[in-house]
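The values are calculated or read from the model by the stated rules, or taken from the named source; none is laboratory data. None of these values were measured; they are calculated from a predicted model. So basically every Cβ, Gly included, is an ideal-geometry build from the backbone, and we count neighbours across all protein chains shown.
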Amino acid sequence: MLAINNINVDTPKQQVTIDEFYTEKGKINLNITPTGADLATLLLPKNIELVSSTDNATVPTKATASPENVNTAAQTQPATNDQPWLVTLNQLKLDQYQVTLGEGIASDNIIIWQLGPINVSTGKVVSDFSSPIDYQFSTGINEQSQLNSNGQIDVLAQSINADIDFNNMLLTRLQPYIAPYINVTVTDGVFSTKGTLSADANDSLIYQGQAQIAQLDIKDNVLKQPLLNWETMDINQLSYDRKQAKIDIDEINFDSLFSRLIISADRSTNISQLIHDNTPATDTPEAETSEPQTVSAATQESPEDNTDSPEMQLNINRIGFKDSSAFFADNSLTPNFASGIELLNGDITHLSSNPQTTASVDLAGKIDKYAPVTLKGDVNPLLEQPYLDLKLNFKKVELTSVNPYSGTYAGYYIDKGQLSLDLNYQLKDSALVGSNHLVIDQLKLGKRSNSEEATSLPISLAVALLQDRHGVIDLGVDVEGDIDSPSFSFGSVIVNALGNVITKVVTSPFSFIAGLVGSEEAIDKVSFGHGVSTIEHQQQITLDKLASALLERPLLNLNIKGSVDVANDQPALAERKLHQKLAKTAAIKPRTLPKHLSASQFPVSGALTDALYVLFEQELGQLPNDIKQTIVAEVPEISPEELTTRWHISLYNMLKNNQQVSADDLGLLAQARARAVKAYLVEQGQIDAGKIFVLESRINTNQNAAMAMLELQAK
């Protein structure tokens, strides 16, 4: 049906009035391509042709379809007066039309869209367009979606104000448009929006309303796995202003959002693998010999277009997450790593491209269902130089899940342990500053890996040094870096900072454990008096501190190796041998010898004096009086007391120098010193004897130090 009802013509007034233009149940086949709509070409009179956007450089030989010459035939009729005819159509009504639309602009192929039933009705339409036109429009799309709109069109002002209700748009229909660029499949998803639109010919376009995408499901065609999906994504209120280059959104709420990120063996990501390379070939022979391409007026840059358009401003009051999750896997490691974050709830508020503002982040979830994780702080990722001040907190994450990382980079797999982590990062003007508080509970290293990327640091020793008697490693690590540096990565910054801490610990282990007990000096040696293995009071204080530190570090073993100072220990041992012989000859116990018995403080008479004379004659084969007479001959005026003192000094020193101190004697002294240290730590320090090892000190003994050298080792 096509009907024009109640036509009234008034020639004197040059007016035509039509009550209704009505048509129903029409069917239209229409293809739209970059060259235009084929139906427009078919319906135009033969003396009018459309200029293709690609042919506008050619001068047309016929009239072109411009507003000035479409009415050429009417303009050639002689006008009776200067007053134009006025046509008034009280109502236009189009019912139950069907359009098969072949769209070929956004795709290389013609994609068919079924529109219908299309229903259109208008209010009064006057040919001079002196008043706006009210309209109502509705149509179905592909028998699934529904588009309803009503509003007002002002032809003279070239403006429109419309209410729009578009719902149940199946996103699977967009697959042909996505496939050439991204290797994904949209298997589900429904888009709806409702709002108001106002636009005019002065580049003004404002849309205000709400939008929703429900049941989104996007599959990764490379991995054959889900890539992104959610139950609902609601935008409760949005405003887009093209002229002001501004998008304002009140709230975006995600329900059951899921995303997947995979790092492949070659360190590329699943996201990068999905992008098709559609860059056209250049410098081909065909391109060199082809005819010059004409440029349409629409694409030619006018002087007005040379001005830079303002950057789009984005303001989002809130982004909410409910029961969301993410999955991460790293297949560049051996074995592969995989972990997920679940039950993610919270929001990001006040997100804006305004450099004077920051967004607040407050998110909470769980890793592998049990370990809580929270992310709080301020961030603005939309700036040219992003800003952040974030605190990330993990509680009791099972370390067995990071075995691929520990095996690859630490050189050990993990048999047991839980990680709690507090991260605080600040990024401003490309400078990253952060502090990490790391707590590892009950860490137990497993077997070694064969990773070529593993650190050369003694990780087992580092663990033994860092883990306290409760099985806890409590560590603070400060990090910093310049994100503009070509070599920068967050992972490398953290790993390097942690490596620096471990390096400092394992290269100066005794300084580290001294700090545990408030000492500023390294507890790596114990000094001894010359010729003895007795631990003096000051050294006892040192060993008490060492014992306290070892009690706090149960995974540490202690190796002890004694050493000697030959230049001083050898004379001291000779003197010690002499004292033992003097005591035996005098028939007294060695411990009853005078405390400061020496050449200059030797008794002038008594059992020891007699023993000195006897030993001198026995060991040197000389008479003691001969030595006395020699002194008298050298100093005739000497007093009796001075003579006795000099005589005993000579006898004592000659006997001491005659004592034989062998390398074995020195080795035994070194060994005795090591054993003395162990005995003190076990008996006084209450250290398990099984944690202390006395190394062989009698062979290859250090010859320059009267001390016991200490070495820490992982249990």
Point to revise | Candidate set: region 172-203, residues that are more than 30 Å from residue 222 (Cα to Cα) and of a type in the set (Asp, Glu); chosen: the one farthest from the chain's Cα centre (by Cα) | key: 200
Check your understanding: Within region 691-700, can one find any residue that is charged (D, E, K, R) and farther than 21 Å from residue 528 by Cα?
Key -> yes
Review point. Is it true that residue 673 is within 60 Å of the chain's Cα centre (by Cα) and either surrounded by 14 or more Cβ atoms within 10 Å (Cβ to Cβ) or farther than 30 Å from residue 514 by Cα (or both)?
Key: yes
**Study point:** Candidates 74, 106, filtered to the one that is loosely packed, with under 15 Cβ neighbours inside 10 Å, modelled with pLDDT under 95 and not in a loop (DSSP other than H, G, I, E, B)
**Key:** 74
Practice item. Check whether at least one residue in region 112-132 is within 27 Å of residue 17 (Cα to Cα), touching a residue at least 24 places away in the same chain (Cβ under 8 Å) and charged (D, E, K, R), and report yes or no. Key: yes
Review point. How many residues, within region 601-616, are loosely packed, with under 15 Cβ neighbours inside 10 Å and out of contact with any Ser or Thr (no Cβ under 7 Å at 6 or more places or on another chain)?
Key: 5
**Study point:** Residue match in region 583-591 (condition: modelled with pLDDT under 90 and either among the polar types (S, T, N, Q) or surrounded by fewer than 16 Cβ atoms within 10 Å (Cβ to Cβ) (or both))
**Key:** yes
Review point. In region 147-158, how many are out of contact with any Ser or Thr (no Cβ under 7 Å at 6 or more places or on another chain) and either loosely packed, with under 14 Cβ neighbours inside 10 Å or of a type outside the set (A, V, I, L, M, F, W, C) (or both)?
Key: 8
Exercise for review: Write out, first by first residue and then by second, each pair whose Cβ atoms fall under 7 Å of each other, whose residues are 6+ apart or on separate chains, and whose first residue, in region 608-619, is in the same structural domain as residue 591 (by TED's automatic domain parsing) while the second is surrounded by fewer than 18 Cβ atoms within 10 Å (Cβ to Cβ) and polar (S, T, N, Q).
Suggested key: 611/585; 614/585; 615/585; 616/622; 619/658
Practice item. Enumerate the pairs (first residue in region 655-667 and assigned by TED's automatic domain parsing to the domain that holds residue 615; second residue anywhere and buried (at least 19 other Cβ atoms within 10 Å of the Cβ) and part of a loop (DSSP other than H, G, I, E, B)) with beta-carbon separation below 7 Å, excluding pairs fewer than 6 apart on the same chain, so at least 6 apart or on different chains. Key: 666/564; 666/701; 667/697; 667/701
Practice item. Within region 150-180, track down each residue that is out of contact with any Pro (no Cβ under 7 Å at 6 or more places or on another chain), of a type outside the set (D, E, K, R), farther than 14 Å from residue 192 by Cβ and part of a strand (DSSP E or B). Key: 150, 151, 159, 160, 161, 162
Point to revise | Any chance residue 99 is within 30 Å of residue 173 (Cα to Cα) and at pLDDT 50 or above | key: yes
**Study point:** In region 127-146, the residues that are more than 50 Å from the chain's Cα centre (by Cα), modelled with pLDDT of 95 or more and surrounded by fewer than 17 Cβ atoms within 10 Å (Cβ to Cβ)
**Key:** 134, 136
Practice item. Under 6 Å between Cβ atoms, at least 6 apart or on separate chains: pull out the pairs that start in region 423-444 with a residue that is at positive phi and end on any residue that is among the small types (Gly, Ala, Ser). Key: 442/417; 442/471
Revision key, fill the gap. Looking across region 350-367 at residues that are without any contact (Cβ under 8 Å) to a residue 40 or more places away in the chain, surrounded by 17 or more Cβ atoms within 10 Å (Cβ to Cβ) and not aliphatic (A, V, I, L, M), the single one that is farthest from residue 313 (Cα to Cα) is 366
Study note, to complete from the structure: Within region 9-37, residues free of Cβ contacts under 8 Å to residues at least 12 places away in the same chain and surrounded by 13 or more Cβ atoms within 10 Å (Cβ to Cβ) come out as 37
**Study point:** Out of 600, 605, sole residue that is outside any helix (DSSP H, G or I) and touching a His at 6+ places or on another chain (Cβ under 9 Å)
**Key:** 600
Revision key, fill the gap. In region 676-693, anything in a loop (DSSP other than H, G, I, E, B) and either surrounded by fewer than 15 Cβ atoms within 10 Å (Cβ to Cβ) or more than 49 Å from the chain's Cα centre (by Cα) (or both) is listed as 684, 686, 688
Check your understanding: Can you spot a residue in region 433-441 that is farther than 15 Å from residue 501 by Cβ, in the same structural domain as residue 498 (by TED's automatic domain parsing) and part of a strand (DSSP E or B)?
Key -> yes
